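What follows is a set of notes on a single structure, which appears directly below.
The values are calculated or read from the model by the stated rules, or taken from the named source; none is laboratory data. Here the structure is a predicted model, which is why all the values come from computation and not from measurement. Counting neighbours? That spans all protein chains shown, and the Cβs are built from the backbone with ideal geometry, glycine included.
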Amino acid sequence: MPGAFDRAQLAVKRASTRRALVGLRWPGALGTPPWSAARVARYDGLTYTHRLVVDSRRSQSVPLIDLAVAWARSGVPVLLYTGGDTSAGLAAAVPRHVVVLTSPDGRRLEVYEPGSGGLHPVEEGDLRSGGRRSPAYGGWSHITWVVLPVSPPGVQT
């Protein structure tokens, strides 16, 4: 018999994949797409949006990672989708796994990795750069997509 957390996780997955692809159900084997996670995500009254992170365009990727870090440090969890590196082609950079960025004290950063059920400390610079496979990323090397609140950090609706 699954526990309350397992039941809640399954309910969220069902809600986020029900109409994920032009009103059709998303194949469960492909995980949860970022746009659907953003549609159903809520935290303390906040709604979420999603943004593609292009690691080869630092002027695009660094501000998104900085925003994710600011939200986490303000006490709001942020979903990070991880995958490969765009230098190996776009197919390698498809979102493969989702983890949760948090900050237990407003300074340190941690990633909850659901595959292992563990919390992993991460450095802000490593979030921006990627480059090596990490247990915090479920064995992937780069952040490929972020799901973060719509409002600026600290401005809760």
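Restricting region 30-59 to residues that are of a type in the set (Phe, Trp, Tyr) and assigned to a strand (DSSP E or B), which is nearest to the chain's Cα centre (by Cα)? Please lay out each step first, then the result.
Our first condition is that a residue be of a type in the set (Phe, Trp, Tyr); within region 30-59, this holds for 35, 43, 48.
From what's left, assigned to a strand (DSSP E or B): 43, 48.
Working: 43: 14, 48: 11 Å.
Checked region 30-59; the qualifying residue nearest to the chain's Cα centre (by Cα) is 48.
Would it be correct to say that residue 9 is within 21 Å of residue 96 (Cα to Cα), among the polar types (S, T, N, Q) and modelled with pLDDT under 65? Step through it out loud before you land on a result.
Numbers: within 21 Å of residue 96 (Cα to Cα): yes; among the polar types (S, T, N, Q): yes; modelled with pLDDT under 65: yes.
Spelling it out, residue 9 is indeed within 21 Å of residue 96 (Cα to Cα), among the polar types (S, T, N, Q) and modelled with pLDDT under 65.
Go through 124, 110 for me and flag whichever is of a type outside the set (A, V, I, L, M, F, W, C) and modelled with pLDDT of 95 or more. Steps first, answer last, please.
Working: 124 fails: modelled with pLDDT of 95 or more.
Answer to the check: 110.
Report whether or not residue 83 is in contact with a helix residue (DSSP H, G or I) (Cβ under 6 Å, 6 or more places away or on another chain) and within 20 Å of residue 138 (Cα to Cα).
Values: in contact with a helix residue (DSSP H, G or I) (Cβ under 6 Å, 6 or more places away or on another chain): yes; within 20 Å of residue 138 (Cα to Cα): yes.
Judged against the criteria, residue 83 is a match.
State all residues of region 127-149 that are of a type in the set (A, V, I, L, M, F, W, C) and at pLDDT below 90; if no residue qualifies, say none. So that I can check it myself, show each step before the final result.
In the first step, residues of region 127-149 are kept if they are of a type in the set (A, V, I, L, M, F, W, C); the result is 127, 136, 140, 143, 145-148.
Selection gives 140 alone.
If I go through region 63-121 residue by residue, how many of them are loosely packed, with under 15 Cβ neighbours inside 10 Å and of a type in the set (A, V, I, L, M, F, W, C)? Give the steps one after another, and end with the answer.
The first filter runs over region 63-121 and keeps only residues loosely packed, with under 15 Cβ neighbours inside 10 Å, leaving 63, 66, 87-91, 94, 104-108, 114-119, 121.
When the remaining residues are screened for being of a type in the set (A, V, I, L, M, F, W, C), the result is 88, 90-91, 94, 119.
Residues flagged as loosely packed, with under 15 Cβ neighbours inside 10 Å and of a type in the set (A, V, I, L, M, F, W, C) within region 63-121 amount to 5.
Can you name the residue in region 88-105 that is touching a helix residue (DSSP H, G or I) at 6+ places or on another chain (Cβ under 9 Å) and of a type in the set (Gly, Ala, Ser) and, of all such residues, is modelled with the highest pLDDT?
Taking the candidates together, the pick is 103.
Quick one: residue 27 ticks every box in (1) closer than 17 Å to residue 145 by Cβ; (2) surrounded by fewer than 16 Cβ atoms within 10 Å (Cβ to Cβ); (3) modelled with pLDDT under 70; (4) touching a strand residue (DSSP E or B) at 6+ places or on another chain (Cβ under 9 Å) except a single one, so which number is it?
(1)
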